[in-house]
């Protein structure tokens, strides 16, 4: 099954049948804008499987890690490009208390809960459709997370919209409604490599607009403290090569695990303020990130170990990607002074993140 439709401003969307899992049909959509930028999205996990952006020579570079087939995604449990929920990041001991009731979640990361559990949103089959707009095209994905799924209370109706614009921006709009009080913290887990998917990302120059971060314990759970990045390897307030910072002596990096930390953004939820940038000199690709979220998780592909073969037979090794996962803070349901992730039936969860690409 394959179809191609020409949309406004010469933008195009192609759809093909990609396989089947859990008795559900899986599709792969390809979007292109007027500049040749392309994005591929599948309704399996709401995953961005490819994102091709022009480099300084005008050649397209695929800047996200992933696989070429549905079978590879099914056989290699990972979060490449996926929608993460109900709760992005970790919840300590897989439990939280809400309205005097304690909920026990799936403990899929030692004793802790990570990225929605054993079968999070990344492994669910979503409904998907393309929507035409004046100078952009969107892919709208919807999913009903039923009451009790992975231990969470309430039926949660989720909508995630990926929009590719003609100014080479990827906009991600999240929306959710619940029929019972619950917690909700959605994000996207794209693994970015602005030099393509077959090289280290340690030469990337990173800026994060954050004066503070949330320190973690040996299980990557926030201690509850909010500390300054000044005079530590966590300081990316000015564009700095990631590899340079990672080599500095710091107790959280000494065990070789590397960056997997939440930053407290200075942007106060203002989508017009720059939250982070990522730049690769060899390709000239420059990515700006804007978000309404209070935090962003910096993860440097620490657990990629060369055992995964990705696109075009390429092997994904340690530090082959940089993840910038916009979010509320890890373990917020258990830390009262962190921004709340509670969602009530009379509220609508909404948040937007934008990744905008150019060259320099």
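The values are calculated or read from the model by the stated rules, or taken from the named source; none is laboratory data. A quick note: this is a predicted structure, and the numbers were derived from the prediction, not measured. As a convention, Cβ positions derive from the backbone with ideal geometry for all residues, glycine included, and neighbour counts pool all protein chains shown.
Scan the range 19-37 for residues that are in a loop (DSSP other than H, G, I, E, B) and touching a residue at least 40 places away in the same chain (Cβ under 8 Å) and jot them down.
22, 33, 34, 35, 37
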Original post:
In the range 113-130, what count of residues is obtained for those that are crowded, with 23+ Cβ neighbours inside 10 Å, in a strand (DSSP E or B) and out of contact with any helix residue (DSSP H, G or I) (no Cβ under 6 Å at 6 or more places or on another chain)?
Top reply: 1
**OP:** Specify which of the listed residues (109, 100) is surrounded by fewer than 23 Cβ atoms within 10 Å (Cβ to Cβ), in contact with a helix residue (DSSP H, G or I) (Cβ under 9 Å, 6 or more places away or on another chain) and over 21 Å from residue 351 (Cα atoms).
**Re:** 109
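Could you pull out the residue among 16, 40 that is out of contact with any helix residue (DSSP H, G or I) (no Cβ under 9 Å at 6 or more places or on another chain), free of Cβ contacts under 8 Å to residues at least 60 places away in the same chain and either more than 30 Å from residue 281 (Cα to Cα) or in a loop (DSSP other than H, G, I, E, B) (or both)?
Numbers: 40 fails: either more than 30 Å from residue 281 (Cα to Cα) or in a loop (DSSP other than H, G, I, E, B) (or both).
On inspection, the qualifying residue turns out to be 16.
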**OP:** Name the single residue, out of those in the range 202-223 being in contact with a helix residue (DSSP H, G or I) (Cβ under 7 Å, 6 or more places away or on another chain) and at pLDDT 95 or above, that is nearest to residue 50 (Cα to Cα).
**Re:** 204
Original post:
Among (1) out of contact with any helix residue (DSSP H, G or I) (no Cβ under 9 Å at 6 or more places or on another chain); (2) closer than 30 Å to residue 313 by Cα; (3) at pLDDT 95 or above, where does residue 90 come up short?
Top reply: (2)
Original post:
Does the range 89-111 include one or more residues that are under 16 Å from residue 159 (Cα atoms) and in contact (Cβ under 8 Å) with a residue 24 or more places away in the chain?
Top reply: no
